[in-house]
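Readers should treat all values here as calculations from the given coordinates under stated rules, not as data from a laboratory. These numbers come from a predicted model, not from an experiment. Virtual Cβ from ideal backbone geometry, glycine too; neighbours counted across all protein chains shown.
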Amino acid sequence: MEFFRHDVNLDWMGKTKYFVGLSLTLLIIGAASWIHKGTLDYGIDFKGGTLVYVRFASTPPIDKLRQGLVQQGLGDSVIQQISDIAAPNANEVVIYLPQRGQGNEALDAGKGAILNALHATLGAGEASKQDFNEATPDALADVLTRKDPLSAGSSGAARYQQLAKQLTDYRDRQARGVVSNLDSLREAGATPPVVSALRDSFYAGPFAVVNVEIVGPKVGADLRRQAVYVTLYALAGMLVYIALRFELVYGAAAVLAVFHDVLITLGLFSLLHFEISLTVIAALLTLVGYSMNDTIVIFDRIRENLRLMRREPFKAIVNRSINQTLSRTILTSGLTFLTVLVLFLMGGQVLRSFSFALVVGILVGTYSSFGIAAPLVVAWNHWKGQGAVPVSGTTAGSRTRMGEPQGRLAPAGRR
């Protein structure tokens, strides 16, 4: 399938200065943001600390929460409301508390401090009662067994265990973790006596903690170091492969282009305040492979055209190669871009940073293949004096190298 009906004849190498200018602008903007902030916005995977995901029965009172956390001595905490196109009324926030102190005790203390601040700020029920939104099936079954609202007698333990499981399933699935009124449990099969028995021991709180993530500082530092090593190992392996498959200059150009892609992506992450997490590292490695594959396709076409267009200047051969692969590049990159764009718009808050890395990576990686990697090879050949007309006629047994000038064929009759 071809995207263009006629041959494309664009002078890509003649626009190298524009490509370089665009790259330098993006790199400078990203570096300025990086230097101004002093560091990237690392997620909890790399920074360490406590994340508490809280879901509310109604719109979260962000300002009240923030004031309450400050009053409880948690002024360095960060509150972020989660709002997705797919679930605009999720009524969920995530509260991040940086690591305080050392050891697991400090991490557990951070979790407890956030929970205490939530209860103190939003209020709790009677001290003698438990929040239904935090109750386990066993706790519900124990209360129902003691109260015996269904008059099941000594054989009612199994029945109440099943009923407790039914009520918690309703809370976690249909009510999305937050039951704002115990009377609503009638929709889950609770009879009025059951609701009355539960009301004696439980109250319906305004929020529920749906998830807690805790990462220590040592683990975060180890993950940061390993993420850098993994990326460098991937680049080194690709450099060796392309050097063996083509030539060292082609491998160096491809690796520099990919390194350029990663730096621009990280710069945009810093500029737009996206967090670097383990899923983002996975996305960066994905775009490294994607960009490298696109570059290799162009380099392979250059190698083929060097055999077919031996009397053409090397720059013209590179332009021709890029134009011949342009249809393939637009189709593959365009479809992939549309997919990751939908993931970015509809994938939710959890995948937002991951999908953003892919969106930027597809764009920058595709552009760098013909705007950075190919011009680097042309510049190298020009500097080495090999950008003139390479023509056929190598000595028998000699090796034809990509971009090298070759000897001319002897005139007919003069052998």
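Enumerate the amide H contacts of residue 202 below 5 Å, restricted to partners 5 or more residues apart or on another chain; note that Pro and chain-start residues carry no placed amide H.
130
With every atom except the alpha carbons ignored, what do you get for Rg and Dmax of segment 176-294, in angstroms?
In order Rg, Dmax, the Cα atoms of segment 176-294 give 26.1, 81 Å.
In nm, to one decimal, how far is the modelled label at residue 383 from the one at residue 165, with both set 7 Å along Cα→Cβ?
7.0 nm
Out of segment 113-197, which GluC sites (Glu not before Pro) are coil in DSSP terms and have no more than 11 other C-beta atoms within 10 Å?
Loop-located and lightly packed - 126.
With the cut-off at 18 Å, report for segment 151-243 the share of all Cα pairs above it, as a whole percent.
On the way: 2770 of 4278 pairs.
When all Cα pairs of segment 151-243 are counted, 65 percent exceed 18 Å.
Which residues' amide hydrogens lie under 5 Å from the amide hydrogen of residue 210, considering only partners 5 or more residues apart or on another chain, with H built in the peptide plane?
Amide H neighbours of residue 210, under 5 Å, 5+ apart: 53, 54, 55.
Mind pulling up the Rg/Rh value for segment 137-199? Radius of gyration and Kirkwood radius, both on Cα. Walk me through the intermediate numbers first.
Working: Rg = 10.9 Å, Rh = 11.5 Å.
Result: Rg/Rh = 0.95.
Are there trypsin sites (Lys or Arg not before Pro) in segment 285-372 that DSSP marks as loop and that have at most 14 other Cβ atoms within 10 Å, and which are they?
Answer in residue order: 311.
With r as the distance between the Cβ atoms of residue 308 and residue 328 and R0 = 25 Å, compute the FRET efficiency 1/(1 + (r/R0)^6) and round to 0.05.
0.85
Once both labels are modelled 7 Å past Cα along the beta-carbon direction, what's the residue 243-residue 338 spacing in nm?
Modelled inter-label distance: 4.1 nm.
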